[in-house]
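Here is the structure we will look at, set down as structure tokens.
Since every read-out is calculated from the coordinates, none of them should be taken as a lab result. Note that the coordinates shown come from a computational prediction; the quantities given were computed from them, not determined experimentally. Methodologically, a virtual Cβ is constructed for each residue, glycine included, from the backbone with ideal geometry; neighbour enumeration extends over all protein chains shown.
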Amino acid sequence: MRAWNSRSLVVFLSAVALAKLALLVLHGPFTESDAEGYSSYADLILSGGGWLDSIVFDQGATPITALRPIGFPALWALMRLIFGHQGGDYGVIVVQIALSLFATALVYRVAFRLLGVTWMALLVTAGYGLSIQFLYDLMLLTDSVFNSTLVIIFALPALAVLEAKPVRLRTLAVVSACILLAQSWRAVLMYLGYSFAPILIWWLGRDLRARWPKMIGRLCAMVLPIVIFLGATVAWNEMRSGYPFVVIGTTVPIQGMVKAAGRGRAVFDGDTPIDHAAHAILRQYSYPEVLEIEDAVRRDTGFNAVEMARLESALYFRSWAHHPLAMLEVGLNNFSPHIVGQFFDFEDGLDTSVSIVTTQHILPPFRALKAGMLKGDAVAIVTLAATGILRVVSWLLFTLFALGVPILWLRDAIKKKERTIEISVLAAGWFAFMAYLAPLLLLHFAIRFLPAVLPWGLIGAVFVARDLWLRMHKRTNPTRMAT
């Protein structure tokens with residue numbers, strides 16, 4: 001087994017760390033609108049008071065202590081306790097950068113084990129390290145720590161499988177702790193955790209053969225803590241509010257319905273208060289109108305956040321039962337070209353990051369560039385050519401990943417080739433990517449969600465591209481063996 005090049009990795013990680021710290025010093029932590037809620041929750045934790053034993057639901061918006069899990073606010077509160085209010089903001093970012101660098105190092109190691117070539121492993125690592133994750137490592141939101149933790153949850157078992165290492169108690173404890181942390185960062189893990197089931201089950205059971213009791217013991221050691229955590233959260237919230245829940249989520253369930261209605265689909269065809277409010281309010285089919293619908297329903301019915309969440313969830317599932325094609329259409333339309341752009345289209349990634357922070361783009365719109373090209377503008381011609389090449393490459397690599405990995409897995413599994421373990425790890429990564437992405441597209445997707453599974457897409461794309469190249473090279477040079 002070839003040793004991975006630690007010097008190259010250290011140089012890359014050092015450069016990335018310096019770039020992030022420089023931006024942190026020059027600009028300070030970046031924020032988005034959700035950051036205010038987490039900050040308020042952190043201050044509430046530090047202030048003491050009755051938040052530990054009481055949540056009051058009225059006709060207003062969901063209380064922050066019911067809307068957000070406690071993990072990230074608790075981290076922020078700890079940093080503020082240690083470094084002060086403003087210093088705590090910087091402390092959170094430093095923690096995010098450190099955790100992201102550790103996850104990036106694991107990505108390099110997995111990439112090297114699968115690709116076997118330093119420059120390819122570095123290419124994949126750069127694709128992940130310089131993706132949209134770079135920006136969110138500097139953002140006071142849960143996305144950085146959540147994404148990094150999920151990368152670790154996949155990478156550690158994948159490395160153990162690839163390196164034929166037995167299940168060690170230390171690794172099992174780290175993975176189990178990461179699952180707990182990820183659930184405390186964002187409650188969505190309890191719905192998307194199945195994405196990582198294949199690699200976790202394979203890792204826990206691969207060296208046991210017929211010893212099922214030991215495998216069940218390992219599964220219990222990993223699963224029971226999260227089950228206990230969720231049960232304790234539900235019990236705590238019921239004690240505080242009278243309602244059993246993990247978190248209360250509103251707005252998101254009916255966003256997709258509003259999008260479907262905007263495409264002419266009659267999804268608000270029931271007799272609920274939301275149906276009536278949607279007919280009265282929807283004109284532009286925009287996010288502000290979603291909030292108007294909720295406000296109108298609360299005002300007219302007196303529903304609190306729990307009752308609103310239950311009603312919205314019921315309507316969302318009703319839409320899938322009565323209008324499945326319309327809701328599937330929403331999911332397909334939620335697929336953004338920026339997802340593909342994360343496959344080594346660094347210009348698109350940079351433009352996406354800049355637009356999130358400034359609402360501006362680094363390049364003129366396509367129509368302006370096209371007009372300049374028709375007028376013979378050399379800059380417009382070069383820009384269109386360069387961005388066009390990057391777009392074609394990223395779409396090609398995404399397609400190779402999406403189609404190539406399952407084809408390779410089926411072929412090698414049927415023929416029982418020596419590479420079955422490597423291909424199976426790629427297939428587990430493919431499943432994690434697709435199983436994680438699909439439900440988010442069907443409900444609500446933002447590009448900041450993608451880095452949680454992006455590395456396995458990048459590795460799969462490069463692996464399939466290299467495999468295809470070697471096969472073509474072997475056909476044109478039959479006397480030489482590809483290595």
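Quick notes
- Rounded to the nearest 500, the 222 nm mean residue ellipticity of the chain from helices alone is -23500 deg cm²/dmol, with -39,500 (n - 2.57) taken per DSSP H run of at least 4 residues.
- About its Cα centre, the chain has a charge dipole of approximately 2760 debye under the convention of +1 per Lys or Arg Cβ and -1 per Asp or Glu Cβ, with nothing else charged.
- Kyte-Doolittle mean at least -0.5, axial Cα span of 30 Å or more - DSSP H helices of the chain: 6-27, 85-115, 212-241, 378-399, 420-443, 454-476
- Where trypsin sites (Lys or Arg not before Pro) fall in DSSP loop in region 216-310, at most 11 other Cβ within 10 Å: Arg283
- Two-decimal log10 I(q)/I(0) for region 347-459, as the Debye equation yields it once each C-alpha is a single scatterer, q = 0.11 Å⁻¹: -0.54
- Calculated Kirkwood radius over Cα pairs in Å (choose from (i) 27.9; (ii) 24.7; (iii) 26.6), label: (ii)
- When the Cα positions of Pro273, His85, Gly349 are compared along the charge dipole of the chain, Gly349 comes out farthest toward the positive end, with charges on each C-beta of Lys, Arg, Asp and Glu.
- Taking 26 Å as the straight-line reach from the Cα of Lys415, the lysines in range (excluding those fewer than 8 positions away in the same chain) are Lys165, Lys474.
- Evaluated with a Cβ-only charge set (Lys, Arg +1; Asp, Glu -1), region 273-386 carries a dipole of roughly 240 debye about its Cα centre, given to the nearest 20.
- For region 1-86, a/c is not less than 1.5, where a ≥ b ≥ c are the root eigenvalues of the C-alpha gyration tensor, and a/b tops b/c. That puts it in the prolate class.
- Rounded to the nearest 20 debye, dipole of region 113-209 from Cβ charges on Lys, Arg, Asp, Glu: 360 debye
- When you filter the trypsin sites (Lys or Arg not before Pro) in region 335-384 for DSSP loop state and at most 16 other Cβ atoms inside 10 Å of their Cβ, you are left with Lys375.
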